[in-house]
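Just below is one structure, and these are the notes that go with it.
Where a number appears in this text, it was derived from the coordinates with a stated rule and is not lab data. It should be emphasised that the depicted structure is a prediction, and the values quoted were computed from it without experimental measurement. Cβ placement follows ideal geometry from the backbone for every residue including glycine, while neighbour counts extend to all protein chains displayed.
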Amino acid sequence: MLSLAESLWQDKQLLIGTIVCFIVCFAIMWVIGGSFLDVVHGKNSLLPAQFYASLDNLHNVPVIGWFLPFSPWSSVMYFLAPICGFVLAFILIRWWNEYFETKEASTIIFPILIFIVLLVGYAINLSIYTGEAANLNSRNGVSYSLYFCVAETTNDACSQTVGRINQQLVTQAQSNNATTVPQMIPVAFWYELRRSIFFLFVLGAIAAWIPLFVKEMVAKYGNKSE
């Protein structure tokens with residue numbers, strides 16, 4: 001740990017780049033989600049409401065709408081999550097590169113891998129949490145199962161989709177004189193992900209990767225040019 005701190009302190013360009021990257025990335029996350037929370041009063045937005053209304057249009061943008069805009073940060077802990085992710089990822093990447101004498105952790109593999117871990121891990125988390133609720137409520141002739149909304153980017157859109165599916169299931173059960181009516185519990189994956197503190201932790205980790213990736217690219221192509 002001490003050697004990592006010493007090497008970072010000696011590499012002035014990396015130190016400055018890391019600090020700048022952290023400030024910029026944290027400011028972006030703060031504006032998109034965190035600035036909605038007034039730390040002092042806990043309810044008033046620090047930016048105009050029109051700004052957040054315009055951000056809602058991002059829900060309609062393919063792929064980007066899955067992740068943006070963030071849900072309002074409802075606790076001061078949300079401010080700490082990206083900081084912890086940034087620090088831990090920066091230490092891990094530097095340690096990995098120095099210990100194994102490789103640069104793999106500073107390549108594009110890192111953000112791809114961490115996003116896969118994020119999506120799979122959070123899907124498992126939601127399955128366990130909501131699956132238990134489905135099992136507890138499956139009684140009196142009604143059997144509940146989960147429906148993960150992937151195409152729907154908002155909670156309301158997910159609820160509407162599942163509502164239509166449940167109506168069709170009830171109609172089919174009645175026409176078949178079924179003793180058990182299957183019903184779906186909506187799981188708005190992207191909505192839940194955006195409001196998750198784990199998502200901010202991962203974004204902080206990716207922010208820590210950026211200056212290390214830039215450093216490796218500069219060193220790689222800088223040597224070639226020489």
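Coupling constants for region 162-175 follow from the phi torsions by the Karplus curve (6.51 cos²θ - 1.76 cosθ + 1.60, θ = phi - 60°), and in residue order they are 5, x, 5, 5, 5, 4, 5, 5, 5, 4, 5, 5, 5, 5 Hz; glycine and proline get x. For region 101-226, averaging the sequence separation of C-alpha pairs within contact (under 8 Å, six or more residues apart) and dividing by the residue count gives a relative contact order of 31 percent. Calculate, for N140 and V87, the FRET efficiency according to 1/(1 + (r/R0)^6) with r their C-beta to C-beta distance and R0 41 Å; round to the nearest 0.05. Efficiency for this residue pair is about 0.20. Around the Cα centre of region 2-225, unit charges on the Cβ atoms of Lys, Arg, Asp and Glu (plus for the first two, minus for the last two) sum to a dipole of about 140 debye. In terms of other Cβ atoms within 10 Å, I124, I206 run from fewest to most in the order I124, I206. Would you mind checking which residues have amide H under 5 Å from R195's amide H? H placed 1.01 Å from N; only 5 or more apart, or other chain. For R195, the qualifying residues are S71. Dividing the mean sequence gap of close Cα pairs (under 8 Å, 6+ apart) by how many residues the chain holds gives a relative contact order of 28 percent. With helices as the sole contributors, the chain gives -22000 deg cm²/dmol at 222 nm; each DSSP H run of n ≥ 4 counts as -39500 (n - 2.57), and the sum is divided by every residue. Loop-located chymotrypsin sites (Phe, Trp or Tyr not before Pro) across region 64-142 with a Cβ neighbour count of 16 or fewer within 10 Å are F100, with loop assigned by DSSP.
Within the listed set K215, K103, K12, the residue fluctuating most in the Gaussian network model of the chain (springs between alpha-carbon atoms under 10 angstrom) is K12.
The residue list I210, W96, P82 was ranked by how far each Cα lies along the charge dipole of the chain toward its positive end, using unit charges on Cβ atoms, and P82 comes out on top.
List the GluC sites (Glu not before Pro) in region 102-175 that DSSP assigns to loop (not H, G, I, E or B) and whose Cβ has at most 15 other Cβ atoms within 10 Å. Which are they? Nothing satisfies the criteria. [x] 1.23; [y] 1.11; [z] 1.30: which one is Cα Rg over 2.2 N^0.38 Å as calculated from this entry? Checking each listed value against the structure points to [z].
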